[in-house]
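Novice: Starting off with a structure, shown below.
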Amino acid sequence: MKVEMNLDNDSNNLVQAPTNGNSEKLSPSTLSSLLGSKDRDYLLCSTAAAAETDQVKISDLEGKVIGIYFSANWYPPCRNFNRVLIGVYEQLKSNGSNFEIVFVSSDEDLDAFNNYRENMPWLSIPFSDLETKKALNRKYDVESIPCLVILQPDNTKDDDTYYDGVELIYRYGVDAFPFTKEKLDELRREEKRKHDSQTVTNLLTNPERDYLLDQTITRKVPVDSLKGKTVGLYLSAQWCMPCVEFTPKLISIYQKIKQALQEKGGGEDFEIVFVSNDRDQSSFESYFGTMPWLALPFRDPTARTLAKYFDVQWIPCLIIIGPDGKTVTKQGRNLINLYQENAYPFTDAKVESLEKELEEAAKSLPRSEYHAGHRHLLTLVSEGSGGGPFICCDCEEQGSGWAYQCLECGYEVHPRCIRAVTPQSSIEDRIQLDFSRQLSDVSHERFSADMATSPIPARNQANEASSKFPYKKKKERIVRQVFCF
């Protein structure tokens, strides 16, 4: 099946529509062939938590907007999205909307299926019907979960099926209903209007508050004092290990940028505003107490608004706002990792200049090196020769462009992180590093367990790296603590 994406602007890449020309109206017979089998013409009700007895006829779904929900109890992003989806579903049902969801389980056994389904207020395909579940996965080419496929009742147009219902729910909530092209176009136009009229004041204030907090948490700093400055919105939380690891680096870079601007003169300035996703006031105060910049008050509704407005998909996230109040980039964290204080002011022109400098510097780098901590020979690669975005296996931060890569296992490091050694010393260092990684994995598993019970909605739409590249896979798992406010 061919998939097309509308890329007229940044928000349009939310919608994917099938163009196989096989769309047809969702009649009772079509619904039955899609969701049923030769031995089953029903779906399980939400009340059937342990026994497959309460049923709803598939034909009863005729005329409704249907969300086919692929999910599993064992995957934390599914459980976290499930809470968000329940809230949206119940609000739509209370408004009398003709919306229904059908759960397609990827759970490991019947007990897990029943436990997961206990809190679901919608319908489900029986766990035992493996053929229907497999057929739906094939039909909609499901590559990752959670996945929510939206079907319209009059499904006669190529653009009537939306494969990214998870994105739509996270981004627009109940406002996305009825998920038609006209409705989504309207939401995107409204988004564009807001971005076109964006200022630092309307981003960071609300009717009840026109100030930010300084490090004392008691002194109020007017939001208007940020006008004319480059501002970084730092979305972070103390419970998030990658955030805790990135914050000291950001503090150091922030201070270097401030010092350089002060020495330069001319009135140019840089400021950061902490947008907290901490779980309680004491965690917020403890975490913010380590930071030298400003913050939104804890649990201020603007934090949630900003996360949705900028479509924040993971933390830590650093969004850069220019002196004119317009968005410069949402990739501030990546640019800090790649270029440190040299990334300022984070504009496209600055990044292009830095990339040219890296290209020039790469000409003098060795084509291959043995690196302390890895037993294989590493080869210098670029995006044009087998490289691309990666997680450095040495400093555990993002990288792009040039890298030293192991062609045998996918191990990659920044050129600046390479520690050249002889082959023998590389093997000895590797033995020590393997032991350290085992300890790190124990710590990470504990952190993952904490995430699984976190009340904060989380999502991870990114596919993990191929199992051929265990180092890349591990690093993505550690760094990508994906979430939504």
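The values are calculated or read from the model by the stated rules, or taken from the named source; none is laboratory data. Quick caveat: nothing in here was measured; it's all calculated off a predicted structure. We place every Cβ from the backbone using ideal geometry, glycine too, and count neighbours over all the protein chains shown. Heavy atoms of the whole protein, side chains included, go into the accessibility calculation; ligands, DNA and RNA do not. Shrake-Rupley method; radii C 1.70, N 1.55, O 1.52, S 1.80 Å.
Novice: List pairs: first in the range 322-350 and under 17 Å from Gln198 (Cα atoms), second among the hydrophobic types (A, V, I, L, M, F, W, C) and in a helix (DSSP H, G or I), Cβ under 6 Å, 6+ apart or cross-chain?
Specialist: Cβ pairs passing all conditions: Gly325/Val200.
Novice: Okay, moving on. Check whether at least one residue in the range 114-127 is closer than 24 Å to Glu62 by Cβ and open to solvent by 30 Å² or more (accessible area, probe 1.4 Å), and report yes or no. Show your work before the answer.
Specialist: Taking the range 114-127 first, the residues closer than 24 Å to Glu62 by Cβ are 117, 120-126.
Within this subset, residues satisfying the condition of being open to solvent by 30 Å² or more (accessible area, probe 1.4 Å) are 121.
For the range 114-127, residues closer than 24 Å to Glu62 by Cβ and open to solvent by 30 Å² or more (accessible area, probe 1.4 Å): present.
Novice: So which of Ala303, Ala237, Ala295 is touching a Lys or Arg at 6+ places or on another chain (Cβ under 8 Å) and either among the small types (Gly, Ala, Ser) or modelled with pLDDT of 95 or more (or both)? Before you say what the answer is, go through the steps one by one.
Specialist: Numbers: Ala303 fails: touching a Lys or Arg at 6+ places or on another chain (Cβ under 8 Å); Ala295 fails: touching a Lys or Arg at 6+ places or on another chain (Cβ under 8 Å).
Exactly one of Ala303, Ala237, Ala295 is touching a Lys or Arg at 6+ places or on another chain (Cβ under 8 Å) and either among the small types (Gly, Ala, Ser) or modelled with pLDDT of 95 or more (or both), namely Ala237.
Novice: Looking at Glu186, Glu182, Glu190, Glu143, which one is among the acidic types (Asp, Glu), exposed (fewer than 15 other Cβ atoms within 10 Å of the Cβ), within 23 Å of the chain's Cα centre (by Cα) and in a helix (DSSP H, G or I)? Give the derivation first.
Specialist: Working: Glu186 fails: within 23 Å of the chain's Cα centre (by Cα); Glu182 fails: within 23 Å of the chain's Cα centre (by Cα); Glu143 fails: in a helix (DSSP H, G or I).
On inspection, the qualifying residue turns out to be Glu190.
Novice: Name every residue in the range 91-140 that is in contact with a strand residue (DSSP E or B) (Cβ under 6 Å, 6 or more places away or on another chain), within 23 Å of Asp39 (Cα to Cα) and assigned to a helix (DSSP H, G or I), in order of residue number.
Specialist: Correct list: Phe113, Arg117, Thr132, Lys133, Leu136.
Novice: If we keep just the residues of the range 378-388 that are under 15 Å from Leu365 (Cβ atoms) and in a loop (DSSP other than H, G, I, E, B), which is modelled with the highest pLDDT?
Specialist: Ser382
Novice: Still on this structure, please answer the following. Please specify each residue of the range 129-178 satisfying the condition of being aliphatic (A, V, I, L, M) and either within 20 Å of Phe310 (Cα to Cα) or at pLDDT below 85 (or both). Spell out the reasoning first.
Specialist: Of the residues in the range 129-178, the ones aliphatic (A, V, I, L, M) are 130, 135-136, 142, 145, 148-151, 166, 168-169, 174, 176.
Within the range 129-178, Val166, Leu168, Ile169, Val174, Ala176 meet the criteria.
Novice: Please specify each residue of the range 225-262 satisfying the condition of being of a type in the set (Val, Ile, Thr) and either more than 25 Å from the chain's Cα centre (by Cα) or not in a helix (DSSP H, G or I) (or both). Show your work before the answer.
Specialist: Taking the range 225-262 and keeping what is of a type in the set (Val, Ile, Thr), we get 230-231, 244, 247, 251, 253, 257.
Passing the criteria: Thr230, Val231, Ile257.
For (1) surrounded by fewer than 20 Cβ atoms within 10 Å (Cβ to Cβ); (2) in contact (Cβ under 8 Å) with a residue 40 or more places away in the chain; (3) within 19 Å of Val174 (Cβ to Cβ), each residue gets a yes or a no:
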residue: Lys57; (1), (2), (3): yes, no, no
residue: Val65; (1), (2), (3): no, yes, yes
residue: Tyr69; (1), (2), (3): no, yes, yes
residue: Cys78; (1), (2), (3): no, yes, no
residue: Glu90; (1), (2), (3): yes, no, yes
residue: Gly96; (1), (2), (3): yes, no, yes
residue: Leu110; (1), (2), (3): yes, no, no
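Novice: Still on this model: Is there a residue in the range 230-240 that is small (Gly, Ala, Ser), more than 17 Å from Asp300 (Cα to Cα) and surrounded by 15 or more Cβ atoms within 10 Å (Cβ to Cβ)?
Specialist: Residues of the range 230-240 small (Gly, Ala, Ser): 232, 236-237.
Add one more test, that the residue is more than 17 Å from Asp300 (Cα to Cα), and what stays is 232.
Okay, now just the ones that are also surrounded by 15 or more Cβ atoms within 10 Å (Cβ to Cβ), so 232.
Checked the range 230-240: at least one residue is small (Gly, Ala, Ser), more than 17 Å from Asp300 (Cα to Cα) and surrounded by 15 or more Cβ atoms within 10 Å (Cβ to Cβ).
Novice: Could I ask something else about it? Take the range 260-282 and flag every residue that is farther than 17 Å from Phe346 by Cα and open to solvent by 40 Å² or more (accessible area, probe 1.4 Å).
Specialist: Keep residues of the range 260-282 that are farther than 17 Å from Phe346 by Cα, which gives 262-267, 274-282.
Within the range 260-282, Gln262, Glu263, Lys264, Gly266, Gly267, Arg279, Asp280, Gln281, Ser282 meet the criteria.
Novice: I'd like the residue in the range 295-349 that is hydrophobic (A, V, I, L, M, F, W, C), within 22 Å of Glu190 (Cβ to Cβ) and out of contact with any helix residue (DSSP H, G or I) (no Cβ under 9 Å at 6 or more places or on another chain) and, out of all such residues, is surrounded by the fewest Cβ atoms within 10 Å (Cβ to Cβ).
Specialist: Among those that are hydrophobic (A, V, I, L, M, F, W, C), within 22 Å of Glu190 (Cβ to Cβ) and out of contact with any helix residue (DSSP H, G or I) (no Cβ under 9 Å at 6 or more places or on another chain), it is Phe310.
Novice: Is it the case that Glu167 is charged (D, E, K, R), exposed (fewer than 15 other Cβ atoms within 10 Å of the Cβ) and farther than 20 Å from Ile320 by Cα?
Specialist: Details: charged (D, E, K, R): yes; exposed (fewer than 15 other Cβ atoms within 10 Å of the Cβ): no; farther than 20 Å from Ile320 by Cα: yes.
Here the answer is no, as Glu167 does not meet what is asked.
Novice: Do we find that Leu318 is within 17 Å of Phe274 (Cα to Cα), at pLDDT 95 or above and not small (Gly, Ala, Ser) in this structure?
Specialist: Working: within 17 Å of Phe274 (Cα to Cα): yes; at pLDDT 95 or above: yes; not small (Gly, Ala, Ser): yes.
In short, yes.
Novice: Mind checking whether some residue in the range 227-236 is touching a Phe, Trp or Tyr at 6+ places or on another chain (Cβ under 7 Å) and aliphatic (A, V, I, L, M)?
Specialist: No: the range 227-236 contains no residue that is touching a Phe, Trp or Tyr at 6+ places or on another chain (Cβ under 7 Å) and aliphatic (A, V, I, L, M).
Novice: Tell me which of these Val102 doesn't satisfy, since it passes every other one: (1) out of contact with any Phe, Trp or Tyr (no Cβ under 7 Å at 6 or more places or on another chain); (2) open to solvent by less than 10 Å² (accessible area, probe 1.4 Å); (3) among the hydrophobic types (A, V, I, L, M, F, W, C).
Specialist: So Val102 meets the others, but not (1).
Novice: Another question, if that's okay. Name the residues in the range 389-443 that are farther than 23 Å from Met241 by Cα, at pLDDT 80 or above and assigned to a helix (DSSP H, G or I), would you?
Specialist: Pro415, Arg416
Novice: In the range 242-259, what residues are buried (at least 19 other Cβ atoms within 10 Å of the Cβ) and either out of contact with any Asp or Glu (no Cβ under 9 Å at 6 or more places or on another chain) or outside the structural domain of Asp214 (by the TED database) (or both)?
Specialist: Across the range 242-259, the qualifying residues are Cys243, Thr247, Leu250.
Novice: So which residues in the range 195-224 are part of a helix (DSSP H, G or I) and surrounded by 12 or more Cβ atoms within 10 Å (Cβ to Cβ)? Steps first, please.
Specialist: So in the range 195-224, the residues part of a helix (DSSP H, G or I) come out as 195-196, 200-204, 223-224.
Answer for the range 195-224, where residues must be part of a helix (DSSP H, G or I) and surrounded by 12 or more Cβ atoms within 10 Å (Cβ to Cβ): His195, Val200, Thr201, Asn202, Leu203, Leu204, Val223, Asp224.
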